[in-house]
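Following: one structure in C-alpha cells, then a few remarks.
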Amino acid sequence: MDNIRNKIINATDITPFRKRVYLALLDVPSGTTITYGELARRVGCGSAQAVGQALKHNPFAPEVPCHRVIASDGSLGGYNGKRSGEMIERKRRLLQKEKSGGL
C-alpha cells in the first residue's frame with residue numbers, strides 16, 4: 001500500500017484535492033463501503049459531487065478502490081463516470097467479490 005500512496009503523493013498531474021480523495025480512499029477496508037458524502041467530510045470538502053468527479057477521473061483504479069464509494073441512499077451511485085450499464089455491473093461484481101473475500 002505504501003507504493004500506491006507514494007505514487008499518489010508524487011503524481012504531478014493530479015490536483016491536491018484529488019490526491020486527498022485518493023489517499024483517504026485507501027483507508028476504506030476491503031469489503032466495506034463509504035458514501036460520497038462521508039468521503040467528502042473526511043477530506044474536508046462539503047461536496048459529495050466534487051468527490052464523485054475526482055473518482056470519475058481516478059487514474060489509479062483499482063489500486064485506489066473507487067468502487068467502494070456508494071450513494072447516501074445505499075445505491076451504487078456511479079462508476080467510471082457511468083450510472084448504469086456494464087460499468088455499474090462491474091462495480092457490483094467488485095463489491096461482491098470483496099465481501100465474499102475474493103479480493
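Please treat every number below as a calculation from the coordinates, not as lab data. Treat the numbers as computed from the prediction; the structure is a model and nothing was measured. Cβ placement follows ideal geometry from the backbone for every residue including glycine, while neighbour counts extend to all protein chains displayed.
A simple spin-label model places pseudo-atoms 7 Å from Cα toward Cβ; at residue 10 and residue 23 they are separated by 1.5 nm.
The angle between the Cα long axis of helix 86-99 and the longest principal axis of the Cα atoms of the chain comes to about 90 degrees, rounded to the nearest 10. With helices as the sole contributors, the chain gives -14000 deg cm²/dmol at 222 nm; each DSSP H run of n ≥ 4 counts as -39500 (n - 2.57), and the sum is divided by every residue. A full extension of the chain between residue 92 and residue 30 corresponds to an added length of 21.0 nm, given 0.36 nm per residue minus the alpha carbon distance. Just so you know, the Rg over Rh for the range 2-99 is 0.94, from Cα atoms, with Rh as the Kirkwood radius. For the chain, the Cβ-based charge dipole about the Cα centre amounts to some 100 debye (Lys, Arg positive; Asp, Glu negative; other atoms uncharged).
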